[in-house]
Amino acid sequence: MNDQPNAPLVTGPDDAAGMAGWFSTWITAVTKPSEQTYAALAEHPDARSNSRAFTWIFLAGTASALISGVLQAILELAGFPSQTPSWGDLFGGNAGQGGMISLGVAICASPIAGAIATLFFAIGVGIVQWIAGLFKGTGTYSQLAYTLAAISVPVSLVSSILTPLSSVQFVNLCAGLISLIVGLYALVLQVMAVKAVNRFGWGEAIGSVLLPGVALACCAVVVIVGLAALGASVSNTFDSIQQSLP
């Protein structure tokens, strides 16, 4: 199950300054996927703290929400039929009013979306790295956060374009299929990154990435079953009370 430890390389994405260096890192992370690439990212100086990773996720979450909102507004203003209720439908207005509301919501709520994305990313990375530690992974939280953030940014930006299109008739099937492919590709990259950062086998890497989702799904099932049982119990109680009344 355990593969030979990955030797970190000193070569990696171009160390250009500023945004150029950021884009180079993001593009490398998704277009040149390999354990060597992610091992090199984990050894980058910015991977020694969480600030760069969290900055990337906040900016990506903010930009994604803004892009989705603007694109949704354009689609509504252009009169494209949507399979989901628009803002105009919800507030009793026309397509133009719905488009302007979508644009306003996108501008005002995008920083909040970025903050929420950062919070969930931080929690998610912590859970994955905790499980990786149980599998005797040798990576650190900051290394994994930096590497996964480099993958997440371009994926988030692409998804922000596909999400509004998935609710438009005639193109929703194509957009949904592309979204599925992008999601599966991102999942494979995340498993590869966890393996490279923690230097263990594929089984441990897959378990580290998938076990949190499986646990969450199991908890959701338990909660749903519990609520259903509680609802049935409450209903039976009320029926008994009604039957006992004269």
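The values are calculated or read from the model by the stated rules, or taken from the named source; none is laboratory data. Nothing here was measured: the structure is a model prediction, and the numbers come from that model. Backbone-built Cβ (ideal geometry, glycine too); neighbour counts: all protein chains shown. All accessible areas refer to the heavy atoms of the entire protein, side chains included, with ligands and DNA or RNA removed. Shrake-Rupley method; radii C 1.70, N 1.55, O 1.52, S 1.80 Å.
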(request) Consider Ala193 carefully, then state whether it is small (Gly, Ala, Ser), touching a residue at least 40 places away in the same chain (Cβ under 8 Å) and either assigned to a helix (DSSP H, G or I) or surrounded by fewer than 19 Cβ atoms within 10 Å (Cβ to Cβ) (or both). (result) yes
(request) Only one of these is within 16 Å of Tyr38 (Cα to Cα), modelled with pLDDT of 80 or more, under 15 Å from the mean Cα position of the chain (by Cα) and in a helix (DSSP H, G or I): Leu187, Leu157. Name it. (result) Leu187
(message) I'd like the full set of residues that are within 22 Å of Thr62 (Cβ to Cβ) and without any contact (Cβ under 8 Å) to a residue 12 or more places away in the chain, limited to the stretch 123-177.
(response) Ile123
(message) Checking the structure you have, find out if any residue of the stretch 53-71 is open to solvent by 30 Å² or more (accessible area, probe 1.4 Å), modelled with pLDDT of 80 or more, more than 30 Å from Met192 (Cβ to Cβ) and β-branched (Val, Ile, Thr).
(response) yes
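Within the stretch 99-138, take every residue that is under 18 Å from the mean Cα position of the chain (by Cα) and polar (S, T, N, Q) and give me the one that is nearest to Ala39 (Cα to Cα).
Within the stretch 99-138, the first condition is being under 18 Å from the mean Cα position of the chain (by Cα), and the residues that meet it are 109-129.
From the residues that got through so far, the ones that are polar (S, T, N, Q) too are 110, 118, 129.
Details: Ser110: 32, Thr118: 23, Gln129: 15 Å.
My answer is Gln129.
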(request) Kindly check whether there is at least one residue in the stretch 135-147 that is of a type outside the set (S, T, N, Q), on the phi > 0 side of the Ramachandran plot, open to solvent by 30 Å² or more (accessible area, probe 1.4 Å) and modelled with pLDDT of 90 or more. (result) yes
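Can you say whether Val182 is touching a helix residue (DSSP H, G or I) at 6+ places or on another chain (Cβ under 8 Å), modelled with pLDDT of 90 or more, aliphatic (A, V, I, L, M) and surrounded by fewer than 20 Cβ atoms within 10 Å (Cβ to Cβ), as far as the supplied structure shows?
Answer is yes for this residue.
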(request) Might you check whether a residue that is assigned to a loop (DSSP other than H, G, I, E, B), over 26 Å from Glu76 (Cα atoms) and over 12 Å from the mean Cα position of the chain (by Cα) occurs anywhere in the stretch 139-151? (result) yes
(message) Quick test of your reading of the structure: Thr118 fulfils all but one of (1) in a helix (DSSP H, G or I); (2) closer than 23 Å to Ala29 by Cα; (3) out of contact with any Gly (no Cβ under 7 Å at 6 or more places or on another chain); (4) modelled with pLDDT of 90 or more. Name the failing condition by number.
(response) (3)
(message) Condition first: assigned to a helix (DSSP H, G or I) and in contact with a helix residue (DSSP H, G or I) (Cβ under 9 Å, 6 or more places away or on another chain). Now tell me which residues in the stretch 160-173 satisfy that.
(response) Ser160, Ile161, Leu162, Thr163, Pro164, Leu165, Asn172
(message) Just to be sure before I move on: is Ala78 among the aliphatic types (A, V, I, L, M) and either crowded, with 16+ Cβ neighbours inside 10 Å or modelled with pLDDT of 75 or more (or both) in the structure I sent?
(response) no
(message) Filter the stretch 26-62 down to the residues that are outside any helix (DSSP H, G or I) and in contact (Cβ under 8 Å) with a residue 12 or more places away in the chain and list them by number.
(response) Pro33, Ser34, Glu43, His44, Ser49, Asn50
